[in-house]
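Visitor: For reference, the structure I am asking about is given below.
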Amino acid sequence: MESSENRILFKEDFSIKVNDDRNPLFYVFDYGVRSDAMNMEFQHFHDFYELFFLVDDHASHIIEGEYFSLQRYDMVLLKPSLLHMTLYPRGEKPKARLIVAFRISPTLSPMERQVKRLLSIFDEEPPIFRFSGSLLNRILQLFNTIYKLGTERQPGYDLMIHGKFLELLWVIQTNRKINLFTKAEITDSITQKIYEVTSYLHTHYAEELSLQEVADHFSVSSFYLSHQFKRVTGLNFVSFLQQIRVRNAQQLLLYSKMKVKEICLACGFTSFSQFNRVFSKFCGVTPSLFRKNVNHQSEQLLQSLDPERNAEATPSKALQSEDEYCSVKHKEMLSQGKGP
């Protein structure tokens, strides 16, 4: 039983938004409940920071192909362009979580060095934090203060939210050496092996890789690896490797000045024609058009990489206006017979 001081304020489908997501300073606090039906097919990344806070008993996170088991009040800190996905347990009740999507440009502040120091906690390996006792209570109190500011919306509430979130990052940063998180081994040895393979693919995607070569590296048969890989990840080996290469190509197209042909080679594609074909399959446009289309970069890309998004899922509020979100929820209620 949680004590009153060790409980987070939470309301499903509630959100707090400060500025637009294309602003150099923005926040979205997204309070939601998710089940295994919302599990993504593959990892995604985005151009803003994300803090994932598990409010419920347990779930899992995959970061750059590596599997991590989470427990209540664990915090996952994800920097921009980091491939990741959340996994909610199959057959269990939906899990409550808070996602904070945000961007804080250090150059906005006269204390640029100090802001960069706060954000350095997102570079921890792994970037997962677990605290207990009075320190956990302090973190929960900060989250609850932000929640109250977002519900009461007094003049200047957005500035106060910014200050309280900076304080939250400061508490994590100054206490990072007493982080209690330890990686738990997966009890299913087969699943553990497959996540070792996915982690290997994330670090060797630029090389020429075949199913047989990877199977040999891990001392298993290619038939066995192919079957178990599809069972665990939901994708076949080739599709999984292609999506890693495409995600990295997207990052270079958006955030580097490399030529398209150079990106093709840097991401492990064997030819420019293959690069165009595979990239178009995943993104709907060629790499060259992807780079040129500003609207695609700022909106369509973010929508396609929306956390916890599938064909039936409501897009994250980080990527919607309040009116858009309300419109989507209204349509959902009507389809379920709950509306007027």
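The values are calculated or read from the model by the stated rules, or taken from the named source; none is laboratory data. Please read these numbers as outputs of a predicted model, since none were measured by experiment. Don't worry about glycine lacking a Cβ; one is built from the backbone with ideal geometry, like all the others, and counts go over all protein chains shown. SASA here: full protein model, heavy atoms, side chains in, ligands and nucleic acids out. Shrake-Rupley method; radii C 1.70, N 1.55, O 1.52, S 1.80 Å.
Visitor: Restricting attention to segment 142-170, which residues are of a type outside the set (A, V, I, L, M, F, W, C), open to solvent by 10 Å² or more (accessible area, probe 1.4 Å) and assigned to a helix (DSSP H, G or I)?
Guide: Within segment 142-170, Asn144, Thr145, Tyr147, Lys148, Thr151, Glu152, Tyr157, Asp158, His162, Gly163, Lys164, Glu167 meet the criteria.
Visitor: Something else about it: Could you count how many residues in segment 42-89 are open to solvent by 10 Å² or more (accessible area, probe 1.4 Å), over 19 Å from Ile121 (Cα atoms) and in contact with an Asp or Glu (Cβ under 6 Å, 6 or more places away or on another chain)?
Guide: Qualifying residue count, segment 42-89: 1.
Visitor: Shifting gears a bit: Among the residues of segment 110-119, is there at least one that is at pLDDT below 95, more than 28 Å from Glu66 (Cβ to Cβ) and not in a helix (DSSP H, G or I)?
Guide: yes
Visitor: Could you tell me whether any residue of segment 120-133 is of a type in the set (Gly, Ala, Ser), in a helix (DSSP H, G or I) and within 21 Å of the chain's Cα centre (by Cα)?
Guide: Yes, that holds for at least one residue.
Visitor: While we're looking at this one, here's another question. So which residues in segment 186-223 are over 25 Å from Ala59 (Cα atoms) and not hydrophobic (A, V, I, L, M, F, W, C), if there are any at all? Don't jump to the end; show me each part of the working.
Guide: First, the residues of segment 186-223 that are over 25 Å from Ala59 (Cα atoms): 204-223.
Matches in segment 186-223: His204, Tyr205, Glu207, Glu208, Ser210, Gln212, Glu213, Asp216, His217, Ser219, Ser221, Ser222.
Visitor: Looking only at segment 248-273, how many residues end up being assigned to a helix (DSSP H, G or I) and either in contact with a helix residue (DSSP H, G or I) (Cβ under 8 Å, 6 or more places away or on another chain) or surrounded by 14 or more Cβ atoms within 10 Å (Cβ to Cβ) (or both)?
Guide: Going through segment 248-273 one residue at a time, the tally reaches 14.
One line per residue, one yes/no per condition, for (1) in contact with a Cys (Cβ under 8 Å, 6 or more places away or on another chain); (2) farther than 23 Å from Leu82 by Cβ; (3) free of Cβ contacts under 8 Å to residues at least 12 places away in the same chain:
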| residue | (1), (2), (3) |
| --- | --- |
| Val220 | no, yes, no |
| Tyr224 | no, yes, yes |
| Leu235 | no, no, no |
| Val238 | no, yes, no |
| Ala249 | yes, no, no |
| Leu252 | yes, no, no |
| Gly268 | no, no, no |
| Ser288 | no, yes, no |
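Visitor: Select from segment 189-221 the residues that are among the aromatic types (Phe, Trp, Tyr) and in a helix (DSSP H, G or I) and list them in ascending order.
Guide: Taking segment 189-221 as the starting set, the residues that turn out to be among the aromatic types (Phe, Trp, Tyr) are 195, 200, 205, 218.
Within segment 189-221, Tyr195, Tyr200 qualify.
Visitor: Within segment 227-247, track down each residue that is open to solvent by less than 50 Å² (accessible area, probe 1.4 Å), part of a helix (DSSP H, G or I) and within 23 Å of Ser60 (Cβ to Cβ). Lay out the reasoning, then the answer.
Guide: So the first thing to find is which residues in segment 227-247 are open to solvent by less than 50 Å² (accessible area, probe 1.4 Å), and the list is 228-229, 232-235, 237, 239-247.
In the following step, the residues that additionally are part of a helix (DSSP H, G or I) were identified as 228-229, 232-233, 237, 239-247.
If the condition is that a residue be open to solvent by less than 50 Å² (accessible area, probe 1.4 Å), part of a helix (DSSP H, G or I) and within 23 Å of Ser60 (Cβ to Cβ), then Gln228, Phe229, Val232, Thr233, Phe237, Ser239, Phe240, Leu241, Gln243, Ile244, Arg247 are the ones that fit.
Visitor: Quick check on my filter: what residues within segment 59-96 are in a loop (DSSP other than H, G, I, E, B), within 25 Å of Trp170 (Cα to Cα), under 13 Å from the mean Cα position of the chain (by Cα) and not hydrophobic (A, V, I, L, M, F, W, C)?
Guide: Lys79, Pro80, Ser81 - these are the residues of segment 59-96 that are in a loop (DSSP other than H, G, I, E, B), within 25 Å of Trp170 (Cα to Cα), under 13 Å from the mean Cα position of the chain (by Cα) and not hydrophobic (A, V, I, L, M, F, W, C).
Visitor: Among the listed residues Asn23, Asn6, which satisfies the condition of being out of contact with any strand residue (DSSP E or B) (no Cβ under 9 Å at 6 or more places or on another chain), among the polar types (S, T, N, Q) and open to solvent by 30 Å² or more (accessible area, probe 1.4 Å)?
Guide: Asn6
Visitor: Take segment 123-141 and flag every residue that is surrounded by fewer than 18 Cβ atoms within 10 Å (Cβ to Cβ) and within 22 Å of Val28 (Cβ to Cβ).
Guide: Gln141
Visitor: Within segment 171-192, can you find the residues that are open to solvent by less than 70 Å² (accessible area, probe 1.4 Å), at pLDDT below 95 and not hydrophobic (A, V, I, L, M, F, W, C)?
Guide: Listed by number, the residues that qualify are Asp188, Thr191, Gln192.
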